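What follows is a set of notes on a single structure, which appears directly below.
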Amino acid sequence: MTRSLTVLGATGSIGASTLDLVRRNRGAWRVEALTAHCSAAELAALAIEFDAKLAVVGDEGCLPELRAALGNSGIEAAGGAKALAEAAARPVDMTVAAIVGCAGLAPVMAAVERGGTIALANKEALVSAGEVLMQAVARHGATLLPTDSEHNAIFQCLAGNRLSDVVRITLTASGGPLRTWSAERLHAATPAEAIAHPNWSMGAKISVDSATMMNKGLEYIEAYHLFPVGLEKLAIVVHPQSVIHSMVEFRDRSTLAQLGPSDMRVPIASCLAWPQRMETQLPALDLAAIGQLTFEAPNEALFPATRLAREAIAAGGAAPAILNAANEVAVAAFLAGQIRFTRIAALVEETLARSNDAPPPTSLDEVLAVDQSARRQAMSLLENSALV
Ligand code: NAD
Ligand code: MG
């Protein structure tokens, strides 16, 4: 049976991995909508290849280029934030949410509000909107399939088990490319060094998040919402080989772990085929060749981001949205060469400290307002600290 699919963020790393799986299982899928920020030529090529009904650019300024690139293909084109949400609201069997950042929140919410099944890679949406998004999921009977490799691992380990039997969920972290660096070297780390991830090939933003460990901080908050066992049962361990993607310990002291190659096509395939399984044609995991799996505690003195995330979710309310917004601003500034690597977490911490009276958001609009206000705060801190 053919199933319909929309990919939000089709031109990104997760989008490419998703479409690669679809390409290998062409008869199983009919593509409804593909979206991108701009990259009009790339988006049009994908829309034509996959015979999508609709192609949408989030940046309306790129719409003329998209139309030109689609030519006389007959594929509908649209642009702007509203068009993105409308694309996400079209009924499909599966929505892959792979926009990066809080920019993906409104489209995710649109897919949730129609009660869809959503493979959620866009962790920033869940970090920012936490309770608001999870309540909407429950209210509209939507299904969130965790696509982030750690959360997908946990989801698989929990299958057939009761949350009340869980004593600990442990997120594994590779530690990123700068894991073994000294404080002095970290201070001078360049964008190229920070995005050179040893195990995963990913978009620039999440690669920097991985280097600062903010990715694990965001994932800690993501896990809190997806698997409501309480913060005291969530833990993080550094596992540089990225073979175990996370683990769940039960009260009888059994620990279940999910292992696999560090290739996002594995968790994406698990979502696309859920509750069944599909072929990925990836090389099998060769544990003898890998040789050793090692574990160490996170170093929060050098990589404070996980502490900031733990504090933000413990504080609750607007804090996670502020953390996320400030981090997005800081990462963009780092990638643009405006601030040093070690300023990223510092900027997040300062933004949180200056926004501690923000009321808890109770709707999508309120989350977006917190996000915008935290961005302004972070930008003004940036202006006062450029090149520090
Ligand atoms: P990416 O930068 O490679 O791709 C992002 C996609 O979103 C692109 O299609 C881009 O055009 C689109 N986009 C960017 N800004 C937009 C905006 N303002 N409006 C509309 N569209 C916009 O990112 P990625 O690495 O594929 O990551 C996507 C999401 O998945 C992120 O939230 C990331 O944290 C999460 N994730 C990624 C990986 C990975 O391996 N890449 C793993 C786990 C989770
Ligand atoms: Mg992850």
Pairwise FRET efficiency - Gln276 versus Leu163, Cβ, R0 = 25 Å, nearest 0.05 | 0.60
Surface/4 estimate of mean projected area, convex hull on alpha-carbon atoms of the range 203-268, nm² | 5.3 nm²
Translational diffusion coefficient (Stokes-Einstein; Kirkwood radius from C-alpha pairs) of the range 241-388 at 37 °C, 0.692 mPa s, in µm²/s | 177 µm²/s
Per residue of the range 92-108, in order, report the coupling 6.51 cos²θ - 1.76 cosθ + 1.60 (Karplus, θ = phi - 60°) as ³J(HN,Hα) in whole Hz, putting x for Gly and Pro.
-> 9, 6, 8, 10, 9, 9, 10, 6, 8, x, 5, 4, x, 5, 4, x, 4
Stretched fully, the stretch from Asn25 through Gln135 gains (0.36 nm per residue minus C-alpha distance, one decimal, in nm) 36.2 nm
Please calculate how many Å² of accessible area the range 3-146 carries per residue, with a 1.4 Å probe and no DNA, RNA or ligand atoms counted.
-> 35 Å²
Table column - 3J(HN,Hα) (Hz), the range 298-310, Karplus curve with 6.51, -1.76, 1.60, x for Gly and Pro | x, 9, 7, 5, 8, 10, x, 4, 5, 5, 4, 5, 4
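Sequence gap at least 6, Cα distance under 8 Å: using those rules, report the relative contact order of the range 3-146 to the nearest whole percent.
21 percent
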The relative contact order of the chain, taking Cα pairs under 8 Å that sit 6 or more residues apart, comes to a percentage of 14 percent
Beta bridges per DSSP with both ends in the range 146-256, % antiparallel, nearest 5 = 60 percent
Kirkwood Rh and Cα Rg combined as Rg/Rh, the range 312-388 | 0.98
Stokes-Einstein translational diffusion, the chain - Kirkwood Rh over all Cα pairs, 0.692 mPa s, 37 °C, in µm²/s = 155 µm²/s
DSSP-defined beta bridges in the chain - what % are antiparallel, rounded to 5 = 30 percent
Positive minus negative residues near Met94 (Lys, Arg vs Asp, Glu; Cβ under 14 Å) | +2
Given all pairs of distinct Cα atoms, the range 121-269 yields a Kirkwood Rh in Å of 16.1 Å
Expected 222 nm ellipticity per residue - DSSP helices of 4 or more, -39500 (n - 2.57), all of the chain, to 500 = -14000 deg cm²/dmol
Hey, what do the phi angles of the range 271-279 turn into as Karplus ³J(HN,Hα) couplings, whole Hz, using 6.51/-1.76/1.60 and θ = phi - 60°, x for Gly and Pro?
-> 6, 4, 8, 3, x, 9, 10, 9, 5
Could you pull the Cα extents of the range 48-133 along its three principal axes, largest to smallest, in whole Å?
-> 44, 27, 18
What distance in nm separates the simple spin-label points at Glu193 and Ser254, each placed 7 Å from Cα in the Cβ direction?
-> 4.6 nm
Partners for Lys216 among aspartates and glutamates (Cα-Cα distance below 17 Å; same-chain residues under 8 apart left out) = Glu124, Asp148, Glu150, Glu232, Glu296, Glu300, Glu311, Glu328, Glu349
Determine the dipole magnitude for the chain: charges of +1 sit on the beta-carbon of Lys and Arg, -1 on that of Asp and Glu, nothing else is charged, the reference point is the Cα centre, and the result goes in debye to the nearest 20.
-> 480 debye
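Under a point-charge model restricted to the Cβ atoms of Lys and Arg (+1) and Asp and Glu (-1), what is the dipole moment magnitude of the range 3-146 relative to its Cα centre, in debye to the nearest 20?
400 debye
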For the range 3-146, state the semi-axes of the equivalent ellipsoid (square roots of 5 times the eigenvalues of the alpha-carbon gyration tensor), sorted largest first and rounded to whole angstrom.
-> 24, 16, 13
By accessible area of protein heavy atoms, probe 1.4 Å, what ranking do Ser207, Ser373, Ser201 get, highest first?
-> Ser201, Ser373, Ser207
Of Leu84, Leu105, Leu285, which has the largest mean-square fluctuation in a 10 Å C-alpha GNM of the chain?
-> Leu285
Around Ala41, what is the net charge, scoring Lys/Arg as +1 and Asp/Glu as -1 over all other residues with Cβ under 15 Å from its Cβ?
-> -3
Once amide hydrogens are built 1.01 Å from N within the peptide plane, the residues lying 5 or more places from Ile236 or on another chain with amide H under 5 Å from its amide H are Leu171
In the neighborhood of Thr362, defined by Cβ-to-Cβ distances under 15 Å, what is the net charge if each Lys or Arg adds +1 and each Asp or Glu adds -1?
-> -3
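The values are calculated or read from the model by the stated rules, or taken from the named source; none is laboratory data. Please read all numbers here as calculations on a predicted model, not as lab measurements. Neighbour counts are summed over all protein chains in view; Cβ atoms, including those assigned to glycine, are modelled from backbone coordinates with ideal geometry. Ligands, DNA and RNA are excluded from the accessible area calculation, which covers all protein heavy atoms including side chains. Shrake-Rupley method; radii C 1.70, N 1.55, O 1.52, S 1.80 Å.
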